[in-house]
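Have a look at the structure below, then the notes.
Throughout, read-outs are computed from the coordinates displayed, never taken from laboratory work. Keep in mind it's a predicted model, so treat the numbers as computed, not measured. A quick note on method: Cβ atoms are made from the backbone with ideal geometry, for glycine too, and the neighbour counts reach across all protein chains shown.
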C-alpha cells in the first residue's frame with residue numbers, strides 16, 4: 001500500500017509543516033498515532049516548543065533517578 005493511499009484511509013495527516021529534523025520515518029510514525037496524541041507529538045517536535053521539551057525532559061530524568069528510592073526502602077523515612 002502506498003503512503004498516499006495510507007494517509008487518505010487513516011485521515012491522520014499532520015498539517016503542521018516541516019517536523020524537527022525533517023526525518024520522513026519520524027513523520028510516518030507520528031501520522032500513525034491516534035489524532036490527539038499525534039497532534040501533541042507534532043507540537044512538541046516544533047522548534048518553537050523548545051521551552052516545553054527542556055523542563056519536561058529534566059523532570060523525567062529526575063523522576064527516573066528518584067523512582068529507584070522505593071526499592072531501597074527510602075519511602076519509609078517520612
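Modelled label-to-label distance, residue 40 and residue 52, 7 Å Cα→beta-carbon offset: nm?
1.0 nm
Which order do the peptides 60-67, 49-56 take when ranked by the mean count of other beta-carbon atoms within 10 Å per residue, highest first?
49-56, 60-67
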